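Asker: This structure is in structure tokens; I'll ask about it shortly.
The values are calculated or read from the model by the stated rules, or taken from the named source; none is laboratory data. Here the structure is a predicted model, which means the values were calculated and not measured. So basically every Cβ, Gly included, is an ideal-geometry build from the backbone, and we count neighbours across all protein chains shown.
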Amino acid sequence: MGADEVAAAIEAEAVRRGVVVQVVRNGSRGMMWLEPLVEVVTANGRVAYGPVTPRDVAALFEAGFLGGGAHELGHGDTDQIPWLAQQDRLTFARVGVVDPLSAQDYEGHGGLVALRRALVMTPAQICDEVTESGLRGRGGAGFPVGVKWRTVLDAVDLPKFVACNADEGDSGTFADRMLMEGDPFMLIEGMVIAGIAVGAHEGFVYVRSEYPDAVAALAAAIAAAYKAGWLGPRVLGSDYGFDLEIRVGAGAYICGEETAMLESLEGKRGVVRAKPPLPALEGLFGKPTVVNNVLSLASVLVVLARGAQFYRDFGVGRSRGTQVFQLGGNVGRGGIVETAFGITLGQMLERFGGGTASGRPIRAVQVGGPLGAYLPPARFDLPLDYEAFAAAGAMLGHGGIVVFDDTVDMAVQARFAMEFCAAESCGKCTPCRVGAVRGVEVIDRIVAGRDVAAGVVLLEDLLELMAEGSLCAMGGLTPMPVRSVLQYFPEDLDRSEGTP
Amino acid sequence: MLSDVSLRQAPWSQEVALETMGAHAAQRGPLLPVLHALQERFGFVDARAVPLVAKALNVSRADVYGVLTFYSDLRSSLPGRVRVQVCRGEACQAVGGHALAEHATRSLGVDFGGTAVDGSVTLDEVFCLGNCALGPTVTVNGRLRGRVHAAELDALVADGGVLA
């Protein structure tokens, strides 16, 4: 959004005025609607100004913003901005607050507490505590993290690996990126803890190539962590050794699927594997492997630093703790909203979203990425928890919430789901590889008004086949957004009446 | 890495290629890092590199070719001097992404995946750059930009990614 230019403008203006300022490029607070956001550290705390453009900088100096002076872009104490104050920032507590690459800052803000604790626990104790916290995988599938770790711990084959899935390819999701750019040490610490818990001494982070800034931040943080002795042969002076390496993807969405990611890490085409065997038993290079999403590994720190019970007390039902939701698309106040599970979709959109950016009414919201359902306002009563969404034929996925106004053509969105699947399918199984192409054709025929009733029957048949017959979630879940359009927005598909 | 590939390309040299590969040979599963490194050095993965990689990593040429053609980031030909990526994901679609994509192909005179005949520009589609609350999003020579509509895109392309 031009934050580099703003930072340069502030430094230049300070020099011009003979004022000494220290500009720290911290990660984003996740208030995307106020970006570029400038925070000034004053005697009364941090004061926020945004969205700031280079043209505003001189006026901000005039208004005395270095002392927290009033200006029309001013929002007062950052932490008191209601949008932020109403959140439960546990995993994202440091993001946007600390200098992401300062090891000292990290430790000063509660970093390493979890790792120090893990080093004096037995692996089984760590797995048990994580299981007790109720933490489920944040990548989308929602599998209990502690149970997965226990499976790897109990595996006898050696060596074992920790593989972090940072291939956050779902449109509408950006929490992994914000965390890697804003608090990369947190992911590093989480991976070391996962290693201790399962007996692995080697880890890989697979970051998508679309995130070059995250790759750079993480690489710098890994180098700093080696220097500080948080990685290497003696982690924090203990007898435990752990090495960590970044691998960069190459633009394949399917590599966000865990087995395709493992193939890619091995240097092969990102083609999914049949399960079983589970990656926990035969994963990277055929060895027992923990595969976790960025947010899962980061959330473990909260569990260990503050206790399983503390984490468990957030959330509802079987969805415990907090979820880092991401509000995007045509939304008034988009960004990172970390909150306990259980608030409704409507509350999320009302309290945080602030309507659409275009000012028009919301028509549909897609939750959970390109493979998630489109929901109409009539379903905004759904509570944000895994089970409630699953029961409604939808999914929370990685927590992305994409807002569309009433100009959206849902037939185009349904078609896009199939197009995307056709483009990104790894090609291994037929329901996905061929089904997606056929899906585009059937939808085109329906929209063209050629034998609509028969086309819908055929489409539903195809959706069932893809959902039941595909090897992985790519083909298996592509039907979800299409079905939701059939269910909630049938008028967009059947244009035989009304529309000319 | 994606950034500024067009600015750093070196002419083909087998020696340089071998040296570039050598830096990654000791890694586990080195093929993808090796191909990335070659692309970063030369701007794309030259066909002449395929047998060298196969030999160095003790895999078949088909394996190397398979990986090279599977991943959309890996190029088999030289990209344009300015490289534009337009996000086609749903979050950007919700704020005018379709219109921006159409404008991009029309104004640059190339389809997605194409390079202008004069080598001035390469246009790629990308599915999500993780800037979903500030779309439509593009990158120009590796720099991420949000809230980009037709006029902003034209200005960015003209300036090679730097906002005036």
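Asker: Could you check A:G256 against (1) within 12 Å of another protein chain (Cβ to nearest Cβ); (2) surrounded by fewer than 24 Cβ atoms within 10 Å (Cβ to Cβ) and say which number it fails?
Answerer: Only one criterion is unmet by A:G256, namely (2).
Asker: Looking at (1) at positive phi; (2) assigned to a strand (DSSP E or B); (3) of a type outside the set (D, E, K, R), which one does A:F404 not meet, given that it meets all the others?
Answerer: Failed condition: (1).
Asker: Next question, about the same structure. For the stretch A:200-226, which residues satisfy the criterion of being over 11 Å from A:P184 (Cα atoms) and in contact (Cβ under 8 Å) with a residue 40 or more places away in the chain?
Answerer: Residues of the stretch A:200-226 that are over 11 Å from A:P184 (Cα atoms), as a first pass: A:200-213, A:223, A:226.
Once the filter is applied, which keeps residues that are over 11 Å from A:P184 (Cα atoms) and in contact (Cβ under 8 Å) with a residue 40 or more places away in the chain, the stretch A:200-226 yields A:A200, A:H201, A:E202, A:G203, A:F204, A:V205, A:Y206, A:V207, A:R208, A:S209, A:E210, A:Y211.
Asker: May I ask you to list the residues in the stretch A:160-200 that are within 13 Å of another protein chain (Cβ to nearest Cβ) and more than 14 Å from the chain's Cα centre (by Cα)?
Answerer: Our first condition is that a residue be within 13 Å of another protein chain (Cβ to nearest Cβ); within the stretch A:160-200, this holds for A:161, A:163, A:166-182.
Matches in the stretch A:160-200: A:F161, A:A163.
Asker: Let me ask something else about it. Can you report the number of residues in the stretch A:391-429 which are in contact (Cβ under 8 Å) with a residue 12 or more places away in the chain and more than 14 Å from chain B (Cβ to nearest Cβ)?
Answerer: Counting residues in the stretch A:391-429 that are in contact (Cβ under 8 Å) with a residue 12 or more places away in the chain and more than 14 Å from chain B (Cβ to nearest Cβ) gives 6.
Asker: Going by the structure shown, is A:R55 surrounded by fewer than 21 Cβ atoms within 10 Å (Cβ to Cβ) and not in a loop (DSSP other than H, G, I, E, B)?
Answerer: Numbers: surrounded by fewer than 21 Cβ atoms within 10 Å (Cβ to Cβ): yes; not in a loop (DSSP other than H, G, I, E, B): yes.
In short, yes.
Asker: Any idea how many residues of the stretch B:114-133 are aliphatic (A, V, I, L, M), over 14 Å from the mean Cα position of the chain (by Cα) and surrounded by fewer than 24 Cβ atoms within 10 Å (Cβ to Cβ)?
Answerer: 2
Asker: Of all residues in the stretch A:2-42, which are within 12 Å of another protein chain (Cβ to nearest Cβ), among the hydrophobic types (A, V, I, L, M, F, W, C), surrounded by fewer than 22 Cβ atoms within 10 Å (Cβ to Cβ) and touching a Gly at 6+ places or on another chain (Cβ under 9 Å)?
Answerer: A:W33, the sole residue that qualifies.
Asker: Let me ask another. Name the residues in the stretch B:31-53 that are at pLDDT below 95 and either within 12 Å of another protein chain (Cβ to nearest Cβ) or more than 19 Å from B:Q9 (Cα to Cα) (or both), would you?
Answerer: B:E40
Asker: Also: Given the residues B:G80, B:G114, B:G109, B:G130, which is the only one that is at positive phi and more than 8 Å from chain A (Cβ to nearest Cβ)? Lay out the reasoning, then the answer.
Answerer: Numbers: B:G80 fails: at positive phi; B:G114 fails: at positive phi; B:G130 fails: more than 8 Å from chain A (Cβ to nearest Cβ).
After applying the criteria, what remains is B:G109.
Asker: Which one of the conditions (1) crowded, with 17+ Cβ neighbours inside 10 Å; (2) modelled with pLDDT under 95; (3) not aromatic (F, W, Y) does A:Q87 fail to meet, given that it meets all the rest?
Answerer: (2)
Asker: Right, here's the next one. Counting only residues that are closer than 29 Å to A:P277 by Cβ, exposed (fewer than 15 other Cβ atoms within 10 Å of the Cβ) and out of contact with any helix residue (DSSP H, G or I) (no Cβ under 7 Å at 6 or more places or on another chain), how many does the stretch A:460-500 have?
Answerer: Going through the stretch A:460-500 one residue at a time, the tally reaches 2.
Asker: Another question, if that's okay. Within the stretch A:304-319, is even one residue of a type in the set (A, V, I, L, M) and within 12 Å of chain B (Cβ to nearest Cβ)? Break it down stepwise before answering.
Answerer: First, pick out the residues of the stretch A:304-319 that are of a type in the set (A, V, I, L, M): A:304-305, A:308, A:316.
The next check asks that each one be within 12 Å of chain B (Cβ to nearest Cβ); those that pass are none.
Scanning the stretch A:304-319, I find no residue that is of a type in the set (A, V, I, L, M) and within 12 Å of chain B (Cβ to nearest Cβ), so the answer is no.
Asker: What single numbered condition from (1) closer than 25 Å to A:R273 by Cα; (2) away from chain B (no Cβ under 12 Å); (3) without any contact (Cβ under 8 Å) to a residue 60 or more places away in the chain; (4) buried (at least 23 other Cβ atoms within 10 Å of the Cβ) fails to hold for A:R438?
Answerer: (4)
Asker: May I ask you to list the residues in the stretch A:290-337 that are in contact with a helix residue (DSSP H, G or I) (Cβ under 8 Å, 6 or more places away or on another chain), within 29 Å of A:G355 (Cβ to Cβ), crowded, with 20+ Cβ neighbours inside 10 Å and among the small types (G, A, S)?
Answerer: A:S319, A:G321, A:G328, A:G329, A:G334, A:G335, listed by residue number.
Asker: So which residues in the stretch A:353-387 are in contact (Cβ under 8 Å) with a residue 60 or more places away in the chain, within 21 Å of the chain's Cα centre (by Cα) and in a helix (DSSP H, G or I)?
Answerer: Hits for the stretch A:353-387 are A:Y386, A:E387.
Asker: When you look at B:D63, is it farther than 24 Å from A:M418 by Cα, of a type in the set (D, E) and modelled with pLDDT under 95, yes or no?
Answerer: So B:D63 does not fit the description; no.
Asker: Next question, about the same structure. A:S264 passes all but one of (1) free of Cβ contacts under 8 Å to residues at least 60 places away in the same chain; (2) surrounded by fewer than 24 Cβ atoms within 10 Å (Cβ to Cβ); which number fails?
Answerer: Unmet for A:S264, out of (1) free of Cβ contacts under 8 Å to residues at least 60 places away in the same chain; (2) surrounded by fewer than 24 Cβ atoms within 10 Å (Cβ to Cβ): (2).
Asker: Only one of (1) under 17 Å from B:Q9 (Cβ atoms); (2) within 11 Å of the chain's Cα centre (by Cα); (3) without any contact (Cβ under 8 Å) to a residue 60 or more places away in the chain; (4) surrounded by fewer than 24 Cβ atoms within 10 Å (Cβ to Cβ) is not met by B:G80, so which one is it?
Answerer: Failed condition: (3).
Asker: I'd like the full set of residues that are crowded, with 20+ Cβ neighbours inside 10 Å and touching a residue at least 24 places away in the same chain (Cβ under 8 Å), limited to the stretch B:18-42.
Answerer: Matches in the stretch B:18-42: B:M21, B:P30, B:L31, B:L32, B:L35, B:H36, B:Q39, B:R41, B:F42.
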